[in-house]
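In what follows, a single structure is set out as structure tokens and then discussed.
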Amino acid sequence: MTDLGPVAWPPAPIRTERLILREPEARDRAAVIELLASPEVSAYLGGPRPRDELERAMPGAPSRRPGLFMVDLDGAMIGQITLTRGTGHLRQGAGKAEFGYLFLPQAWGCGYATEACAAALDWFAGALPGEPVVLATQAANVRSMRLAAKLGFIEVERYEAYGAEQWFGVWSSVTPSD
């Protein structure tokens, strides 16, 4: 996996109590389009993308790329998790692994995001021990900030970007010693 370092990609599917984290498959196309077109999902991400634009942009299976996990519940994609090396949109994340998550609204409130994200971070900690992970979300996105706190992200700063206050946090598998 070139953008996260010397990690073999794709890993074997990651299984949790209820979920599987895996690579995208052709059967995920409709759910990915629903995810990206959802006004609820993209309320804090600049708004939904038009469904017809997504249909044209994704004529077949969703793109596979290192660091992209589909979250599967009983054979259906309910969300996605991304781990990417700093893409440049976060100055504070330069060179660090950035974490992101999107879940379909019908999966909200069931603990799936916590379960899936914790599994992805555990995988990352095993693949790249001690390397920090960064996350940014709008401060107004209370659900996302609550999830970040449950996962162990620690707030580093708040700043203005994209016309709104942003929250920036860091997660590490290394526990500081006293």
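The values are calculated or read from the model by the stated rules, or taken from the named source; none is laboratory data. On a predicted model such as this, the values are computed, not experimentally measured, just so you know. For neighbour counting, all protein chains shown are included, and Cβ atoms are generated from backbone atoms with ideal geometry for every residue, glycine included. When the accessible area is computed, the model is the full protein with side chains, heavy atoms only, and any ligands, DNA or RNA have been set aside. Shrake-Rupley method; radii C 1.70, N 1.55, O 1.52, S 1.80 Å.
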note = Exception for residue 76 within (1) in contact (Cβ under 8 Å) with a residue 40 or more places away in the chain; (2) touching a Gly at 6+ places or on another chain (Cβ under 9 Å); (3) not polar (S, T, N, Q) falls at (2)
query = Right, residue 55: acidic (Asp, Glu), within 27 Å of residue 156 (Cβ to Cβ) and not in a loop (DSSP other than H, G, I, E, B) or not?
reply = no
task = Return a yes/no flag: does the range 154-177 have any residue that is touching a residue at least 12 places away in the same chain (Cβ under 8 Å) and part of a helix (DSSP H, G or I).
result = no
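Kindly indicate the residue of the range 6-22 that is of a type in the set (D, E, K, R) and either open to solvent by 80 Å² or more (accessible area, probe 1.4 Å) or without any contact (Cβ under 8 Å) to a residue 24 or more places away in the chain (or both) and also nearest to residue 107 (Cα to Cα) among those meeting that condition.
From the range 6-22, those of a type in the set (D, E, K, R) are 15, 17-18, 22; that's our starting set.
Adding the requirement that they be either open to solvent by 80 Å² or more (accessible area, probe 1.4 Å) or without any contact (Cβ under 8 Å) to a residue 24 or more places away in the chain (or both) leaves 15, 17-18.
On the way: 15: 17, 17: 15, 18: 12 Å.
Top of the filtered list is 18.
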query = When the residues of the range 60-86 are filtered to those that are open to solvent by 40 Å² or more (accessible area, probe 1.4 Å) and within 14 Å of the chain's Cα centre (by Cα), which remaining residue is modelled with the lowest pLDDT?
reply = 85
key: Conditions (1) outside any loop (DSSP other than H, G, I, E, B); (2) at pLDDT 90 or above; number of the one not met by residue 44   = (1)
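One line per residue, one yes/no per condition, for (1) under 19 Å from residue 44 (Cβ atoms); (2) in contact with a helix residue (DSSP H, G or I) (Cβ under 6 Å, 6 or more places away or on another chain); (3) basic (Lys, Arg); (4) open to solvent by less than 40 Å² (accessible area, probe 1.4 Å):
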site	(1), (2), (3), (4)
102	yes, yes, no, yes
107	yes, no, no, yes
111	no, no, no, yes
128	no, no, no, yes
137	yes, yes, no, yes
141	yes, no, no, yes
152	no, no, no, yes
155	yes, no, no, no
163	yes, no, no, no
